[in-house]
Amino acid sequence: MTKMPCKNCGSSEEFEPLRNDAEKAYVRENKPKWARLGSYRRCSREGCRRYQRLGDVNDGGTFPEPGK
């Protein structure tokens, strides 16, 4: 895991690889086709849904609420 600032949590958190195919599909839908999914990580803080690219806190987003 990699520690980075999280725009959602407002703190420095451990970021881990995307957890499953649903997360990968969501990132793929919301980022350019040339973007490498392996470059994106998600915040490991419980309840946080932030994902972002390694080395760029501004290149990311938030996963939708579960069930939506």
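The values are calculated or read from the model by the stated rules, or taken from the named source; none is laboratory data. Everything numeric in this text was worked out from a predicted model, so none of it was measured. Neighbour counts run over all protein chains shown; Cβ positions are idealised from the backbone, glycine included. Only protein heavy atoms, including side chains, enter the accessible area calculation; ligands, DNA and RNA are left aside. Shrake-Rupley method; radii C 1.70, N 1.55, O 1.52, S 1.80 Å.
Quick notes
- Label point distance in nm, Ser39-Asp21, each placed 7 Å from Cα along Cα→Cβ: 2.5 nm
- Carbon plus sulfur fraction of accessible area for the chain, probe 1.4 Å, in percent: 47 percent
- Qualifying aspartates and glutamates (Cα of each under 20 Å from Cα of Lys3; at least 8 residues distant if same chain): Glu13, Glu14, Glu16, Glu23, Glu46, Asp56, Asp59
- Loop-located GluC sites (Glu not before Pro) in the chain, at most 10 other Cβ atoms within 10 Å (DSSP): Glu46
- Between Glu13 and Met4, Cys6, the built amide H atoms are under 5 Å apart, and every one of these is 5 or more places off in sequence or on another chain.
- The sum of -39500 (n - 2.57) across all DSSP H runs of n ≥ 4, divided by the residue count of the chain, sets its helix-only mean residue ellipticity at 222 nm to -4500 deg cm²/dmol.
- Å² of accessible area per residue within the chain, as computed with a 1.4 Å probe and no ligands counted: 65 Å²
- HN-Hα J in Hz across segment 50-63 - Karplus 6.51, -1.76, 1.60, θ = phi - 60°, x for Gly and Pro: 6, 10, 7, 7, 4, x, 9, 4, 8, 9, x, x, 10, 5
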